[in-house]
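Novice: Input: one structure, supplied below.
The values are calculated or read from the model by the stated rules, or taken from the named source; none is laboratory data. Predicted, not measured: the structure shown is a model, and the values here were computed from it. Note that each Cβ is placed from the backbone with ideal geometry, even for glycine, and that neighbours are counted across all protein chains shown.
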Amino acid sequence: MTFIDHLSAFKVSASKVSDQVCYRLSVRRALSTALFAVVICGVLIAIAGLGLFVAVQTLRDRRKFQPPMTTWYAALLFAVVPLRNALPGAPAFGAWIDVTVVLWVIVALVIAMALYMACWWRHLRPDVVATPVNPAPSPSG
């Protein structure tokens, strides 16, 4: 019997069990595929960390509030699903990667966006013009 290793993204090896007619197959991810998945997970965690860092620095008045940055947060949120789908084998929704990484990345980005919106609320208050308590009478002529 001949086994041919043609399964993309996997490393397959076969060994004959001693004194039996059966074979033991070992199937595992190729190192390059596993490394690619680790890099994608690192990118997801990095964008969540960067989003939180920028929001906290703005909230602490270490950086000036920039209104166009709100679109950056939206772009980060929309980037999560395509990055998740780029994982090798495109795991089914609800897979362990969703629970351990993707869900928490989305939660962190939503918290960061909420903090940035709090900065928007605080920094861009409308100017209130105070009306005088006793207005001066208008001259009649």
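Novice: So residue 122 fits all but one of (1) basic (Lys, Arg); (2) modelled with pLDDT under 90; (3) in a loop (DSSP other than H, G, I, E, B); what number is the exception?
Specialist: The one condition residue 122 does not meet is (3).
Novice: Cβ contacts < 6 Å: first residue under 17 Å from residue 124 (Cβ atoms) and free of Cβ contacts under 8 Å to residues at least 24 places away in the same chain, restricted to segment 48-68; second residue outside any helix (DSSP H, G or I) and not aliphatic (A, V, I, L, M), any location; separation 6+ or different chain. Result?
Specialist: none
Novice: Something else: Where the second residue is surrounded by 11 or more Cβ atoms within 10 Å (Cβ to Cβ) and of a type in the set (Phe, Trp, Tyr) and the first is within 17 Å of residue 87 (Cα to Cα) and without any contact (Cβ under 8 Å) to a residue 24 or more places away in the chain and lies in segment 8-29, which pairs have Cβ atoms under 7 Å and are six or more apart or on separate chains?
Specialist: 28/10
Novice: Right, here's the next one. Restricted to segment 30-47, and to residues that are under 10 Å from the mean Cα position of the chain (by Cα) and in contact (Cβ under 8 Å) with a residue 40 or more places away in the chain, which residue is surrounded by the most Cβ atoms within 10 Å (Cβ to Cβ)?
Specialist: Once the filter is applied, the top-ranked residue is 44.
Novice: Within segment 69-109, take every residue that is in contact (Cβ under 8 Å) with a residue 60 or more places away in the chain and not β-branched (Val, Ile, Thr) and give me the one that is nearest to residue 36 (Cα to Cα).
Specialist: My answer is 88.
Novice: Is it the case that segment 68-85 has a residue that's surrounded by 12 or more Cβ atoms within 10 Å (Cβ to Cβ) and in a loop (DSSP other than H, G, I, E, B)?
Specialist: No, because not a single residue in segment 68-85 is surrounded by 12 or more Cβ atoms within 10 Å (Cβ to Cβ) and in a loop (DSSP other than H, G, I, E, B).
Novice: Could you check residue 55 against (1) among the aliphatic types (A, V, I, L, M); (2) surrounded by fewer than 15 Cβ atoms within 10 Å (Cβ to Cβ); (3) within 11 Å of residue 109 (Cβ to Cβ) and say which number it fails?
Specialist: Unmet condition: (2).
Novice: Follow-up question, since we're still on this one. I'd like the residue in segment 10-29 that is of a type in the set (Gly, Ala, Ser) and surrounded by 11 or more Cβ atoms within 10 Å (Cβ to Cβ) and, out of all such residues, is nearest to residue 100 (Cα to Cα). Reasoning before the result, please.
Specialist: Step one: list which residues in segment 10-29 are of a type in the set (Gly, Ala, Ser), which gives 13-15, 18, 26.
So of that shortlist, the ones also surrounded by 11 or more Cβ atoms within 10 Å (Cβ to Cβ) come out as 13-14.
Details: 13: 30, 14: 32 Å.
Once the filter is applied, the top-ranked residue is 13.
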